[in-house]
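Comments concern the structure below.
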Amino acid sequence: MSHEALAKWDESKSMYYVYILKMANGLYYHGYTNDLKRRIQQHEHGETITTSKYLPIKLVCYLAFTSENKAKEFEEYLKGGSGYAFRNRHLL
């Protein structure tokens, strides 16, 4: 996004986040949300079935997208073989 476009950005527009958590067992969890703070709190309080057995968790990376579709696509990419390699090389 250019500096001019950023200056005109309407902060009320939704952002979509792809995030990576490191769990207590050393594995990583990839997720997607439109409310990062709320979602991380849910993970930290054991309210998410997938990660509740592996507390504590640590947020290691998040990326913000203006497109919900792009965020979902990137989350799915991270869950595949080349996505793991990309994550390990560029995001951790």
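The values are calculated or read from the model by the stated rules, or taken from the named source; none is laboratory data. Owing to the predicted nature of the structure, the values given are computational and were not obtained by experimental measurement. When we count neighbours, we look across all protein chains shown, and the Cβ atoms used for this are built from the backbone with ideal geometry, even at glycine. Surface accessibility is based on the protein's heavy atoms, side chains included, excluding ligands, DNA and RNA. Shrake-Rupley method; radii C 1.70, N 1.55, O 1.52, S 1.80 Å.
Residues in segment 41-77 that are of a type outside the set (Lys, Arg), open to solvent by 90 Å² or more (accessible area, probe 1.4 Å) and over 13 Å from the mean Cα position of the chain (by Cα): Glu44, His45, Glu47, Ile49, Pro56, Asn69. Given the criteria open to solvent by less than 90 Å² (accessible area, probe 1.4 Å), modelled with pLDDT under 95 and of a type in the set (Gly, Ala, Ser), does Gly80 qualify? So Gly80 passes the test. Cβ separations smaller than 8 Å between residues 6+ apart or across chains give the following pairs from segment 45-56 residues that are over 18 Å from Tyr32 (Cβ atoms) and touching a residue at least 24 places away in the same chain (Cβ under 8 Å) to residues that are part of a loop (DSSP other than H, G, I, E, B) and hydrophobic (A, V, I, L, M, F, W, C): Tyr54/Met23; Tyr54/Ala24; Tyr54/Leu27; Leu55/Met23; Leu55/Ala24; Pro56/Ala24.
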